[in-house]
Amino acid sequence: MTEQTYDAIVVGSGMSGGWAAKELTEHGMKVLLLERGENIEHITGYVTALKAPWELPHRNRLTNQIREEHATMTRDFFMDEGNAYLWTNEKDSPYIEKRPFDWFRGYHVGGRSLMWGRQSYRWNKFDYEANLKEGVGVDWPIRYEDMAPWYDHVESWAGISGSLEGLEQLPDGKFLPPMELTVVEKSVAARIKAHYADSRRLIIGRVANLTEAHNGRNHCQYRNKCDLGCPFGAYFSTQSSTLPAAVKTGNLTLRPFSIVTQLLYDKDSRKSTGVEVLDAETRVTYQYKSKIIFLCASTLNSAWVLMNSATDVWPGGLGSSSGELGHNIMDHHFRVGASGDVEGFEDRYIFGRRANGFYIPRYRNLFGDKRSYSRGFGYQGGSSRAGWDREIAELGIGSAMKDALMEPGPWTIGMTGFGEVLPNHDNHVTLDRNTKDKWGLPILSIDCDIGENEKKMRLDMMNDAAEMLEAAGVKNVKPKDSGYVLGQGIHEMGSARMGRDPKTSVLNKHNQVWDAQNVFVTDGSCMASTSCVNPSLTYMAMTARAANFAVDAMKRGDV
Amino acid sequence: MVGSQVLLSGQAIPEKKAAGFTDDDRAFLDEIGETIIPATDIPGAKAVGIGAFMTMMVTDCYTDKEHALFADGLRKIDEACKAKGGKTFMESTPAERTDLANALEAEQRAQHAKNPNDESPHYFRMMKELTLLGYFSSEIGCTKAVRYIEVPGSYNGDAPYTKGERAWF
């Protein structure tokens, strides 16, 4: 067993861990960044990113082998032949579904910051107050005002493109110029705005793709292959953005293939002294010591690490004294909305592949609107002209069909809601010590489902979408609920929630574990509720805020 | 998208593998593909090796059930041909092949309309969709039938379009 000492250890190199490494190293701290999977080098590591469609043998369709290695993830639509190598092999890393749960993992440097959807929205002030007002879950120990400067901070560095809208429910930020709506989306936006007297608005998505050069990175090339890694560094990822910044300081040590099996805990000082690491390749165990630890291993895996730590003191693991560790797992529920056909605009088309869609910010249960459920949802959608894979009623086979398919088809438009999921103590994960992964480590057993509030909300998500499209003159509008299980949104949150009281929460207002205050958990684990907007921007801001607090606290000698 | 329901539903894959395809099967499927997308002033499906593409996709991506239905479809096509005029599909003229394919297309559309989520899709639906995928995503398809640019570099959501211009892949 070998041992080395750092100022800080960051566990996980994804969205949150990358930010922790950047902020801490830029403040002069010597940081060890641990990643359980392989290294993927920026640009050269993106092995499928520059392949033409015909260079993928199965033309980007899933093979049976990919399905066998990703049995739960291939139930959804995110995986394809090109990006499959970035998604975790579930045969090596299985989990137990007490109830169906789709767990999307990326075990490599950069984590899911390489494959994320890049939609980037600030939470609003109502989001941080909702738990308190409704008596649901626990009150957030922070408010929008606490987060606003950190949203500024991370947006300015990461580069978020978007339009300024002046909406209280979707605060504006430090944006690069917005991408463009299609001609059809502009038409639909104008008609929705008029029909609902501007109480609903269709806007261009706010997205972590650069619309102009930024911090030495290239602007988006409109290839829409972001999930393969971007050779232009045009969207925010650990590799394109936070990792090079951390490396530049000379204070970073990155160690891939490092599975953190537990945080080391000292009962007397009530602090963690470091981590135990299992080398995923050699299977040798190491210990690394540090003054502080940032746990950014992803929502469910950070819970795993905590539950496997300090079990001699707390059988449920470090941070379990409240009984909330591993509980209150949330996500965003979606896959419900509407689509339809758009007449006209035959003389208009799209050039370039926009890696973004439109967004309709939340309007339900706000500003006097009151529904039979609480919270709300936003919509994400897009429009395009149908391609060669469309069915043409009067043309079955032959040269006439071929000629027709060589031209663009009619315009279509569609959207799906993304709805808030309420915290629920019953939605939880546990360690199953009887079942082991490839490395002989216990695996997670996941037991979660949506509740009545979400089910009621889904009816509105479907019917409102259809109503808006019809109001906008869209034809053949088809409302649809394609069903949803937790995890499918790939926005899993909760498991180590922040709060004001150590009896009911795992983390305090600075993301410190109540039971070990030199341990900061800043990934999705910390969330006490979900809002309805995509969470990554909030993880970034939360991490930057906690890291800067940690640096100051260390200078004061407080941790 | 590609006739195989498993690609849409992600259902479990049965363990057993159906028998492999032969060079004769690939030659046969080349002609099926060429009937669906014939050469015009732009090459057709045979030029992109559609037979080999179809058999690879069926072997690597389809369920055993779909694989068996697809393989059985080759036999059924010959039987239907012989019932019509006594010749095999390979012996038939392009016009005869087109007549048969039109009939099979009507048959598969009727079956699909009745049960769009059928786990036993019509073999001709699989053949047609694999032909479209294999053709349009090929280098010939992307560069001659439609248009493809690896790095567009900019975006215009309101670009002018004149009827007759090729679609973007």
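Every number here is computed from the coordinates shown, using simple stated rules; none is lab data. Here the structure is a predicted model, which is why all the values come from computation and not from measurement. Using ideal geometry, Cβ is built from the backbone for each residue, glycine included, and neighbour counts are taken over all protein chains shown.
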Study note, to complete from the structure: Heads up, region A:338-440 by the C-alpha gyration tensor (a ≥ b ≥ c square roots of eigenvalues; a/c under 1.5 rounded, else a/b over b/c prolate, else oblate) looks oblate
Revision key, fill the gap. Once amide hydrogens are built 1.01 Å from N within the peptide plane, the residues lying 5 or more places from A:L33 or on another chain with amide H under 5 Å from its amide H are A:V10, A:T253, A:L254, A:R255
Revision key, fill the gap. Nearest-0.05 FRET efficiency for A:E129 and A:R75 at R0 = 41 Å, using Cβ-Cβ distance, is 0.70
Study note, to complete from the structure: Rounded to the nearest 10, the angle in degrees between the Cα long axis of helix B:50-61 and the longest principal axis of the Cα atoms of chain B comes to 80
Study note, to complete from the structure: Proxy exposure order for A:H428, A:H332 (fewest C-beta within 10 Å first) is A:H428, A:H332
Check your understanding: Please identify the trypsin sites (Lys or Arg not before Pro) of region A:322-422 that satisfy two criteria: DSSP loop assignment and at most 10 other Cβ atoms within 10 Å. Which are they?
Key -> A:K370
Revision key, fill the gap. Counting only DSSP loop positions in region A:1-88, the chymotrypsin sites (Phe, Trp or Tyr not before Pro) whose Cβ has at most 14 other Cβ atoms within 10 Å are A:F77
Study note, to complete from the structure: Computed ³J(HN,Hα) along region A:181-188: with the Karplus parameters 6.51/-1.76/1.60, θ = phi - 60°, integer Hz and x for glycine or proline, the list is 6, 6, 4, 5, 4, 4, 5, 5
Exercise for review: Treat the count of other C-beta atoms within 10 Å as a stand-in for reagent exposure and order A:K186, B:K114 from fewest to most.
Suggested key: B:K114, A:K186
**Study point:** Using alpha-carbon coordinates, inclination of helix A:536-556 to the longest axis of chain A, degrees
**Key:** 20
Exercise for review: Evaluate the relative contact order of region A:347-430 (contact order divided by residue number), counting alpha-carbon pairs under 8 angstrom at least 6 apart; express in whole percent.
Suggested key: 29
**Study point:** Label point distance in nm, A:R143-A:V284, each placed 7 Å from Cα along Cα→Cβ
**Key:** 5.4
Review point. With respect to the cross-link table entries A:K174/A:K555; A:K370/A:K456; A:K267/A:K291; B:K84/B:K128; A:K30/A:K248; A:K402/B:K87, which display a Cα-Cα separation exceeding 18 Å?
Key: A:K174/A:K555; B:K84/B:K128; A:K402/B:K87
Check your understanding: A:T273's amide H: which non-local residues (gap 5+, or another chain) put their own amide H closer than 5 Å, with H modeled 1.01 Å from N in plane and none for Pro or chain starts?
Key -> A:L264, A:Y265, A:D266
**Study point:** Computed helical MRE - 222 nm, chain A, DSSP H runs ≥ 4 contributing -39500 (n - 2.57), nearest 500
**Key:** -6500 deg cm²/dmol
Exercise for review: Using +1 at the Cβ of each Lys and Arg and -1 at the Cβ of each Asp and Glu in region A:415-537, identify which of A:V519, A:L469, A:N508 lies farthest towards the dipole's positive end.
Suggested key: A:V519
Practice item. Work out the charge dipole of the protein assembly as shown with +1 on the Cβ of Lys and Arg and -1 on the Cβ of Asp and Glu about the Cα centre, then indicate which of A:V183, A:F351, A:L537 is farthest towards its positive end. Key: A:L537
**Study point:** Point-charge dipole on Cβ atoms (K/R +1, D/E -1) for the protein assembly as shown, about Cα centre, debye to 20
**Key:** 1100
Study note, to complete from the structure: Going residue by residue through region A:260-271, the Karplus relation 6.51 cos²θ - 1.76 cosθ + 1.60 with θ = phi - 60° gives ³J(HN,Hα) values, rounded to whole Hz and with x marking Gly or Pro, of 6, 8, 6, 8, 7, 10, 9, 4, 5, 8, 6, 9
Review point. Using the alpha-carbon atoms, what tilt in degrees (0 to 90, nearest 10) does helix A:452-471 show relative to the longest principal axis of chain A?
Key: 30
Practice item. Return the long-range amide H neighbours of A:R348 (sequence gap of 5 or more, or a different chain), with a cut-off of under 5 Å between placed amide H atoms. Key: B:Y161
**Study point:** Expected 222 nm ellipticity per residue - DSSP helices of 4 or more, -39500 (n - 2.57), all of chain B, to 500
**Key:** -16500 deg cm²/dmol
**Study point:** Lys, Arg +1 and Asp, Glu -1 on Cβ, resulting dipole of region A:394-534 about Cα centre, debye, nearest 20
**Key:** 380
Study note, to complete from the structure: Expressed in angstrom and rounded, the centroid-to-centroid distance over alpha carbons for region A:473-544 and region A:108-133 is 7
Study note, to complete from the structure: For region B:16-84, shape from the Cα gyration tensor axes a ≥ b ≥ c, cut at a/c of 1.5 then a/b versus b/c, turns out oblate
**Study point:** Sites matching trypsin sites (Lys or Arg not before Pro) across region A:260-327 that sit in DSSP coil, with at most 11 neighbouring C-beta atoms within 10 Å
**Key:** A:K267, A:R283
Point to revise | Relative contact order [Cα under 8 Å, 6+ residues apart], chain A, whole percent | key: 22
Review point. With charges set only on the Cβ (+1 for Lys and Arg, -1 for Asp and Glu), what does the dipole of region A:1-131 come to about its Cα centre, in debye to the nearest 20?
Key: 380
